[in-house]
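Student: Here's a structure for you.
The values are calculated or read from the model by the stated rules, or taken from the named source; none is laboratory data. Computed from a predicted structure; not experimentally measured. Don't worry about glycine lacking a Cβ; one is built from the backbone with ideal geometry, like all the others, and counts go over all protein chains shown. Areas reflect the complete protein model, heavy atoms only, side chains present, ligands, DNA and RNA absent. Shrake-Rupley method; radii C 1.70, N 1.55, O 1.52, S 1.80 Å.
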Amino acid sequence: MDHTQAPILEALHRYHQHGELAFTPPGHKQARGADPEAREVLGDSVFHSDVLASGGLDDRRTSGDVLLRAERLMADAVHAEHTFFTTCGSSLSVKAAMLAVAGPHEKLLVGRDAHKSVIAGLILSGIEPVWVDPQWDARMRLAHAPTPAAFESAFSRHPDAQGALVTSPTPYGSCADLEGIAEVCHARSVPLIVDEAWGAHLPFHPDLPSWAMDAGADVCVTSIHKMGSGLEQGSVFHLQGALIDPTHLKSRADLFGTTSPSVLIFAGLDAWRRQMVLRGEALLESALTLVREVRADIEAIPGLHVLDHCDFVASGLAADIDILPVVIDVTGLGTSGYRAGDWLRDRRGMDMHLVDHRRISAQLTHADSTATTGPLLSALRDLADHAGDLAGAPDVAVPSGDDMRMEQTCLPRDAYFGEVEDVLVEEAAGRVAAEMLTPYPPGIPAALPGERLTDDVVRYLRTGVEAGMHLPDAADPKLGTIRVRSVRDPHGPG
């Protein structure tokens, strides 16, 4: 295929050249009706490229196959058999993949370190999750993806499971043994879904961890806006093999997708594919050289430690690491990641990607250079110099891996849609959660609908909120109360 082509971008160029006059949505009509201040802030080019996908970019029958040709080029770029674009992020893509593998009341093996979008998929679909426990790093107090042996054990206990879902890389950059997990699934002729939202770049450089399609996954979900250069919400999902019908998968995506997709986001996906095929390896080579230097420079700052291969990759931990997410342990400064992240934003205008009870993360991509990493290093040195100002951060009572797990008493869907009540946080232990309680970022629920809350998890969330943890999906983000199944619920009191 000719990867110098970009069908969506080229169609947009033709649209502008022809000077087409639209009597269709969007109602701003090529910026003419947009708010003047919005035009000043956003620029008219945003509005000029905001056209209908069908009946604008392409004709009403989409006879030009503009989107289809762009998707075929993307599939060819990463050696997948089929690729589908979405403009609702990987949150849509992963739900479509799940429903293509299992239906209501059917079982799906899921790593318990899954993103909240996976839990939303369970709630919407009625799929019964069989949780596969991640590997817990007691020293660093974080989770890595489950092992092939853990999936093998779960299949042995639940031979009727329709497939499996694993997250790799994690937001911390740790990677699963995808090849081993795929072998476990395929020995039973069931598919493997990989939530590879953080791995868009992986196919384009040999020194990066193996990506899902090369490792044998059946479906791979990727957020191009995370580690690629697409616009926010730009996502693709790739398919290979005979275990999932592509028409079946596309139909599931149509259930969740919008009928008014953003051509701007489509164009970003199309352009990123062309950029990576033509120049990706060279761009990523520069990024990897830069990140190695940055990691060494940060490691030299007193009180900071960059989590590296020796921290993550070992028996009982991760199978590999992506070094572009630079995860920094700040415990040597005597403070928390929450406090350090807030200080960097307030004092240095520096936005960290991930913050938790002891870490901050600086996500680097091929877009970074010394022009961006220089200020980062300066800000981190300033942070270390002000360690005294950061002292006294509240402690977070992080449970061990075993103590983090709770009993799943019912389907997430049943708990979420059942009769609920709000109880004081002090009275929540022993009750069945009816909501997700998700520290964000990274967006992995600590508690989810149907799990019986324990003292350990409630204490973790309560002390976390006091220390600066953000729980955006809780009914009460300050966690004065927690939403639980009502004792009046006829289908199972909480």
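Student: Which condition breaks for His366 when tested against (1) within 30 Å of Gln275 (Cα to Cα); (2) surrounded by fewer than 17 Cβ atoms within 10 Å (Cβ to Cβ)?
Tutor: Of the numbered conditions (1) within 30 Å of Gln275 (Cα to Cα); (2) surrounded by fewer than 17 Cβ atoms within 10 Å (Cβ to Cβ), the odd one out for His366 is (2).
Student: Let me ask something else about it. Within the stretch 311-331, does at least one residue satisfy the condition of being under 20 Å from Ser378 (Cβ atoms), of a type in the set (D, E, K, R) and crowded, with 17+ Cβ neighbours inside 10 Å?
Tutor: yes
Student: Has the stretch 180-196 got any residue that is in a loop (DSSP other than H, G, I, E, B), in contact (Cβ under 8 Å) with a residue 24 or more places away in the chain, in contact with a helix residue (DSSP H, G or I) (Cβ under 8 Å, 6 or more places away or on another chain) and among the hydroxyl-bearing types (Ser, Thr, Tyr)?
Tutor: No, the conditions are met nowhere in the stretch 180-196.
Student: Another one. If a residue must be over 26 Å from Ala200 (Cβ atoms) and aliphatic (A, V, I, L, M), how many such residues does the stretch 336-376 contain?
Tutor: Selection size over the stretch 336-376: 1.
Student: Looking at this structure, is Ser315 at pLDDT below 95 and under 30 Å from Asp113 (Cα atoms)?
Tutor: Considered against the rule, which asks whether it is at pLDDT below 95 and under 30 Å from Asp113 (Cα atoms), Ser315 comes out as yes.
Student: Only one residue in Gly199, Gly241 is over 16 Å from Ala96 (Cα atoms), modelled with pLDDT of 95 or more, open to solvent by less than 10 Å² (accessible area, probe 1.4 Å) and in a loop (DSSP other than H, G, I, E, B). Which one?
Tutor: So the residue among Gly199, Gly241 that is over 16 Å from Ala96 (Cα atoms), modelled with pLDDT of 95 or more, open to solvent by less than 10 Å² (accessible area, probe 1.4 Å) and in a loop (DSSP other than H, G, I, E, B) is Gly199.
Student: Can you tell me which residue among Ala34, Ala22, Ala70, Ala75 is assigned to a loop (DSSP other than H, G, I, E, B) and open to solvent by less than 20 Å² (accessible area, probe 1.4 Å)?
Tutor: Ala34
Student: Here is a follow-up. Any chance the stretch 46-67 includes a residue that's open to solvent by less than 30 Å² (accessible area, probe 1.4 Å), within 29 Å of Gly443 (Cβ to Cβ), in contact with a Pro (Cβ under 7 Å, 6 or more places away or on another chain) and in a loop (DSSP other than H, G, I, E, B)?
Tutor: Yes, the stretch 46-67 has at least one match.
Student: Is it true that some residue in the stretch 450-460 is out of contact with any Cys (no Cβ under 6 Å at 6 or more places or on another chain), buried (at least 24 other Cβ atoms within 10 Å of the Cβ) and touching a residue at least 60 places away in the same chain (Cβ under 8 Å)?
Tutor: No - not one qualifying residue is present in the stretch 450-460.
Student: Can you pull out the strands (runs of 3 or more DSSP E) entirely within the stretch 97-178 that have at least 3 residues that are open to solvent by less than 10 Å² (accessible area, probe 1.4 Å)?
Tutor: 107-111, 164-167
Student: Based on this model, can you work out whether Ala434 counts as within 23 Å of Trp131 (Cα to Cα) and either surrounded by fewer than 22 Cβ atoms within 10 Å (Cβ to Cβ) or of a type outside the set (S, T, N, Q) (or both)?
Tutor: So Ala434 passes the test.
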